[in-house]
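All remarks here apply to the structure that follows.
The numbers here are math on the coordinates, done by the rules we state, and not lab data. Predicted model, so just to flag it, every value in this text is computed and none were measured. Positions of Cβ are backbone-derived with ideal geometry, glycine not excepted, and every protein chain shown enters the neighbour counts.
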């Protein structure tokens, strides 16, 4: 085998190898984006359901104010942690996030903030029974549901 043929075969091999990695990475990125969308959808929906179930348990005197405040404190802490993590991902990157990804993340953060405000409203209501806290809980619950419906594409 002469040197020219060897170099040509080597170049073709490198090309096929690296283009294969690009296709594999692109597929992996698409799979990761799909998984992220699924996990985030489940998270916002389940958080909404959890807060509502705890509110129902409080109204039906299953949970006292102390337990509700404890559970809502856990929810708000976890939500804030996720908000902080996602806030680092709000910039389009040539090797990562697209403009559509950034829009999705911003919408997701807004929804998480509404859920956090809903949880805080419930915590405040459990402790005070004030109409203001109840109104904050209800308005943030309605706002969060509207955002969840938009993110999940529900009617």
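Taken over segment 55-155, the alpha-carbon convex hull comes to 100 cubic angstrom per residue. Considering only the Cα atoms of segment 94-153, their convex hull presents on average a projected area of 4.5 nm².
Taking 41 Å as R0, compute the FRET efficiency from the Cβ-Cβ separation of residue 60 and residue 35 and round it to 0.05.
FRET efficiency, residue 60 to residue 35: 0.65.
Working from label points 7 Å from Cα in the Cα-to-Cβ sense, the residue 142 to residue 84 distance is 3.3 nm.
Applying 1/(1 + (r/R0)^6) with R0 = 41 Å to the Cβ-Cβ distance of residue 99 and residue 131, what FRET efficiency is obtained, to the nearest 0.05? Walk me through the numbers before you get to the answer.
Values: r = 43 Å, r/R0 = 1.04.
The computed FRET efficiency comes out at 0.45.
Which length gain, in nm to one decimal place, applies between residue 77 and residue 50 when the Cα-Cα distance is subtracted from 0.36 nm times their residue separation?
Details: separation 27, 0.36 × 27 = 9.72 nm, distance 1.45 nm.
Going from the current span to full extension adds 8.3 nm.
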